[in-house]
Amino acid sequence: MNPAGPSRTVRLVGPTTARAGRRARLVPIVAAGTRVGRLAVLPRAGAAALEAADERVLAIAAAQLGLTIERARFRQEATESEVLRRSDDLKTELLHAVSHELRTPLASILASAGSLRQHDVEWTERERDEFATAIQDEAVRLDRLVGSLLDLSRIENGRLVPHKAWHDVGALVEDVAGRMRPVTAGHPVHLDVPEDLPPIELDYVEIQQVLSNLVENAAKFSPAGSEIGISVGRDDGNVRFAVRDHGPGIAPGDAERVFEPFVRLARAGQGPRGVGLGLAIAKRLVEAHAGTIWIDRGVSDGTRIVFTLPGRAGVN
C-alpha cells in the first residue's frame, strides 16, 4: 500500500479459492481520519460464518494497518520537511556569505582600481604596484571563495563524483606544498612522507583540494614563523594524512561542528575568519573517497587534522 496513493484492498485468502457467489468481508482501513484502503477476507469453501471474535480481530488488524500507514506518512512528511529546512538554512547561509564575504574583496578591488584611475594624483611606482597587488590578491581570494561555493553546491547536489586513478602520494604532497607557497610564505613547512608508500587510488584534484584547504587553514590561524607539518603514513591498510599547526587550536566542543558548512569559529585572540567552507568541503571530499576525517585531540598545542583514505587493501 502506498500511503500517498489511491485506496487499496488487502486480500486475505485461504488455501482454497472462494466459491463464486460468496461475498467477501470488507473492513475499511483508515489513516488520519481518511479511508486509504480495505481489508478483504474471502471465505473458503465450506468455511463457517465469521463470529463476533473474528470480526474484532479483523477490526484490530485494519486499525493496525491504518496506524502503520499513518506513521509511514508522518515519517515521509518529516523527512521532506527536514530536507526543506536544511535547504533553507543553506540558502540563508549562502546569502549571508555572498552579502558579506564577497563584498569585502569586491570593495577592495573597486577602491584600488578607482585610485589607479585618479589622473589628478601622481602615484609613485611603489604605490601603483601596491594597488595592483591588492587587486590581484583580492581577485584570487574572490575566485577561491566562488569556487568553494560552487564546489559545496555540487557536493550537496551529488554532482561532484571522484574520478579515481592510481597516484603517488609523495608527489601529491609535494605538489600541494609547492602550490601553497604564497599562502605559507610566513611559515616553515615540514614534510614527512615515507618513500616506500605504494600508490593509492584517488581523485588527484579533489584530494589536492582537501590538503590545500587544511594547509590554508593552518597558515590562516597560526602565528607568523610557526611551523606547519604535513605527514603521511600507513594506518591498518589505509593511508593516513595529517596537517599540523601551532595556532590557538580548536575547542573540544567544536571538533565536530567545525566540519559543517559556514561554521566560523572565533579562536583565542581572533575573531571569526573566512566563510567557513574549507573544512566542510574537505570532509565531504574525503567521505566521497570512503575515507574519514577528524580533529586529533592528542596534540599538546595547535591543531592536527587527520584523514584516512583506503589503501590497496581497501580497494575492491
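No lab work stands behind these numbers, since they all come straight from the coordinates. Bear in mind that the values here come from a model prediction, so they are computed numbers and not experimental data. All Cβ positions, glycine included, derive from the backbone under ideal geometry; neighbour counts span all protein chains shown.
A few comments on the model shown:
- Evaluated at q = 0.28 Å⁻¹: base-10 log I(q)/I(0), Debye formula over Cα of the range 101-156: -1.04
- Local electrostatic count, LYS283, Cβ distance below 11 Å [Lys/Arg +1, Asp/Glu -1]: -2
- Given +1 at the Cβ of Lys and Arg, -1 at the Cβ of Asp and Glu and no other charges, the dipole of the range 165-314 around its Cα centre is 580 debye to the nearest 20.
- Once you reduce the range 163-189 and the range 205-233 to the center of their Cα atoms, the two points are 9 Å from each other.
- Each residue of the range 171-187 was assigned a 3J(HN,Hα) from its phi angle through the Karplus curve 6.51 cos²θ - 1.76 cosθ + 1.60 (θ = phi - 60°); the sequence is 5, 5, 5, 5, 5, 5, 4, x, 5, 8, 4, x, 7, 9, 4, x, 9 Hz, with glycine and proline shown as x.
- Formal net charge of residues neighbouring ALA31 (Cβ-Cβ distance under 10 Å; K, R +1; D, E -1): +2
- Sequence-distant residues sharing a close amide H with GLY37 (under 5 Å, placed H): ARG8, ILE29
- Evaluating kT/(6 pi eta Rh) at 10 °C and 1.306 mPa s, with the Kirkwood radius of the range 160-204 over Cα pairs in the Stokes-Einstein relation, gives 132 µm² s⁻¹.
- Difference of contour (0.36 nm per residue) and Cα-Cα distance, VAL121 to HIS190: 20.2 nm
- Treating r as the C-beta distance of ARG56 and ARG85 and R0 as 30 Å, the FRET efficiency rounds to 0.10.
- Between the range 38-62 and the range 235-259, the Cα center-to-center distance that results, in Å: 63 Å
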